[in-house]
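A quick write-up on the structure given underneath.
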Amino acid sequence: MGRRKTSISDSTLEMIVSIDQRLTELIASDIPKRLHCIEEKLDYINPRLLTIEHVDRFYSEVKTVLSVAEACEYMGITESHMYKLTSGGKIPHYKPTGKLIYFSRSELDDWLLHNKVFNEIDQDNEQNRCNDQESE
């Protein structure tokens, strides 16, 4: 069986073209409006997010006792590594209830900064300081 040809009347073709033009106009005008609406909402939300981040940062800087997760984030290590350090007694920590582990921020700072490694500049400065003290 062969395909049957269908013809489209001029009025139907005009209607299709009109619908296509209308859809094009709607898309062209609606998308910029929607984008503008989204931008306005983001302008409203962004300052609030910055405020939340500021409060969170301030709170984390003021907080002196840290949980395991907070201490890990503060030090940039994994919880697994932290538990290895605590179980080996290599890092100062507290267990007030015998189970949950807490850390003092200042003790973590001290622990992080122990075992200073001197470079050549530090050694030269230290040597010059010692020589200056001897000559006095």
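Here, each number is a calculation from the coordinates, and none is a lab measurement. Worth saying up front: this structure is predicted, and the values here are computed from it rather than measured. Quick reminder, even Gly has a Cβ in these numbers, built from the backbone with ideal geometry, and neighbours come from all protein chains shown.
Grab the Cα-Cα distance for S7 and S67, subtract it from 0.36 nm times how many residues apart they are, and report the gain in nm with one decimal.
The span from S7 to S67 would gain 13.9 nm if fully extended.
Tell me which lysines have Cα within less than 27 Å of K116's Cα, excluding those fewer than 8 residues away on the same chain?
Answer for K116, where 27 Å is the Cα cut-off: K63, K84, K90, listed by chain and number.
Given 0.36 nm per residue, what is the gain on full extension from K116 to E25 after removing their alpha carbon distance, in nm? Intermediate results must be reported in sequence, preceding the final value.
Working: separation 91, 0.36 × 91 = 32.76 nm, distance 6.89 nm.
Extending this stretch completely gives an extra 25.9 nm.
At 0.36 nm per residue, minus the direct Cα-Cα distance, what do S80 and L50 gain on full extension? Give it in nm, one decimal, please.
7.6 nm
If r is the Cβ-Cβ distance from S18 to L42 and R0 is 30 Å, what FRET efficiency results, to the nearest 0.05?
0.25
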